[in-house]
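Student: The structure's right below; bear with me while I get my questions together.
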Amino acid sequence: MATPGSEAIWLWIGTAGMFAGTLYFVARGWGVTDPKQQLFYILSIFITTIATVSYFMMATGFGLTQVEVGGVMLDIYWARYADWMFTTPLLLLDLALLAGASRNTMYTLVGLDVLMIATGAIAAFTASAPIRIVWWGVSTALLLFLLYFLVKALNDAADQQTESVRSLTTTLRNMLIVLWLAYPVVWILGTEGTLGILPLYYETAAFMVLDLVAKVGFGFVLLRSHSVLDQVGQATPAASPADD
Ligand SMILES: *C/C=C(C)/C=C/C=C(C)/C=C/C1=C(C)CCCC1(C)C
């Protein structure tokens, strides 16, 4: 167990933000009785709860360790990877359920995602700087393939959706693509990349903002309209005129 430096401020803000998001989702979902809508609340609440625990662990130093790379000690917040291992599959599940994607699509997305986070964690714990970059490349390639597959799978599922569900799916999909692509960039520029471009203080702030928008912001947009969530899986025949 190590002690966080000045970057702890961002970890405390992250803890507070994730906790506030959790409370908001719990309060908003309290009276919801429709099982289909409840599932989106359950997923969103678990996502921010896991992140609250992870941020608290990091802020208090439990989630921090040191890895020696080329004689230099790097501060590595390992709790991020434990968090992402669970929260990123849940985020993908949120989107796949909204889109009405098939079970096989969900398994494929979750499988690629778990591999991406696992190889990213290996990168963070590798002692050789060049090998770290190789693992980063493997993880980033998996992310690119995952995003390609996501776009294709959601397009394929589009004709099973009503217009408003499709539009919400597209908004969330675009949010996810832009936000998720920023993670490998922050990582390689930050402490983990060993290039020394982005100091830990700024890297921690960047991950905190990304995490809050990708979890609380994403959940906020997803749960904004109950009437849209009500239409999940209820495409009208008129929505697919090309089918005759
Ligand atoms: C709420 C947390 C989210 C949405 C986290 C997403 C994280 C990623 C997309 C991380 C990707 C990474 C790579 C593609 C390369 C290596 C390092 C990672 C793990 C930062």
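The numbers here are math on the coordinates, done by the rules we state, and not lab data. Quantities reported herein were computed from a predicted structural model and do not represent experimental measurements. Using ideal geometry, Cβ is built from the backbone for each residue, glycine included, and neighbour counts are taken over all protein chains shown.
Student: What Kirkwood radius, in Å to one decimal, follows from the Cα pairs of the stretch 1-93?
Tutor: Hydrodynamic radius (Kirkwood, Cα only) of the stretch 1-93 equals 14.5 Å.
Student: Could you order the peptides 125-132, 26-33 from most to least packed, using the average number of other C-beta atoms within 10 Å per residue?
Tutor: Packing proxy ranking, top to bottom: 125-132, 26-33.
Student: Moving on. Working from the pairwise distances between different alpha carbons, so that the mean of 1/r is found and then inverted, what is the chain's Kirkwood radius in Å?
Tutor: 18.9 Å
Student: Please turn the phi angles of the stretch 218-234 into ³J(HN,Hα) values with the Karplus equation 6.51 cos²θ - 1.76 cosθ + 1.60 (θ = phi - 60°), one per residue in order, whole Hz, x for glycine and proline.
Tutor: In residue order, the calculated couplings are 4, x, 4, 5, 4, 9, 4, 10, 5, 5, 6, 4, 4, 8, 4, x, 10 Hz.
Student: Exposure proxy check: ARG224, ARG103 ranked by fewest other beta carbons within 10 Å?
Tutor: Listed from fewest to most nearby Cβ atoms, that is ARG103, ARG224.
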